[in-house]
Amino acid sequence: LLADGIINGNVIVKNATNNPVFTSDLQIKDLSYKKDTIGNVSIKVDNETANAFNADVKINGNGNDVQLAGKYYTGESKMDMKLDIVNFNMATATPFSAGQLTDAGGNLKGNITIAGTIDKPAVNGNIHFENAFVVPTVMGTRFTLPDEKINVSEKGINFDHFTLVDSSGNKAVINGDLLTTDFKNYQFAVD
């Protein structure tokens with residue numbers, strides 16, 4: 001199977017014919033993707049507030065502790081959300097890499113706020129790699145990210161002396177920005 005796990009929970013729909021209102025409280029125990037375990041997922045979504053979806057999605061277990069919480073306002077297409085990455089086990093990313101990574105490990109942490117609209121999102125925060133490594137399929141060698149940070153703002157993604165170290169101790173240092181206002185179109189200003 002592509003995905004596996006046990007889904008349990010409740011979805012309640014009120015006023016289904018006139019003005020549907022729903023609440024959901026779902027859990028997926030031992031969610032796995034391509035036979036790699038992600039953890040337990042909790043999904044709580046409702047539209048009890050007019051023209052708004054309230055969401056609280058959590059992933060726990062297997063070294064992961066991630067939460068996305070906040071509101072999406074349908075009338076204005078506005079978002080007010082917060083992504084808290086207490087810990088993300090980098091090994092979890094390997095099956096989602098579409099074959100681009102043969103291995104990954106270490107931890108990713110960070111906090112990101114997501115506001116604005118879908119066309120012009122206001123994304124602010126940072127992610128931090130701790131004792132992380134990746135093995136790109138095309139290179140076949142391990143690159144470490146011992147203590148690296150990426151900043152995200154309304155201007156785009158910033159790299160400040162972001163360092164990758166190969167298995168021989170050689171360093172690749174990235175400085176600069178991937179400039180974007182919509183996270184779809186980018187301009188590069190990177191050394």
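The values are calculated or read from the model by the stated rules, or taken from the named source; none is laboratory data. Predicted model, so just to flag it, every value in this text is computed and none were measured. As a convention, Cβ positions derive from the backbone with ideal geometry for all residues, glycine included, and neighbour counts pool all protein chains shown. For the accessible areas, the whole protein counts, side chains as well, though only heavy atoms, and no ligand, DNA or RNA atoms are used. Shrake-Rupley method; radii C 1.70, N 1.55, O 1.52, S 1.80 Å.
A few remarks follow.
- For residue 174: the one exception among (1) without any contact (Cβ under 8 Å) to a residue 24 or more places away in the chain; (2) open to solvent by 50 Å² or more (accessible area, probe 1.4 Å): (2)
- Restricted to strands (runs of 3 or more DSSP E) entirely inside the range 114-165, those with at least 3 residues that are over 30 Å from residue 77 (Cα atoms) and touching a residue at least 40 places away in the same chain (Cβ under 8 Å) are 121-136.
- When residues of the range 37-51 are limited to those that are of a type in the set (Gly, Ala, Ser) and surrounded by fewer than 18 Cβ atoms within 10 Å (Cβ to Cβ), the one farthest from the chain's Cα centre (by Cα): 50
- Every residue from the range 87-113 that is open to solvent by 30 Å² or more (accessible area, probe 1.4 Å) and part of a loop (DSSP other than H, G, I, E, B): 98, 99, 100
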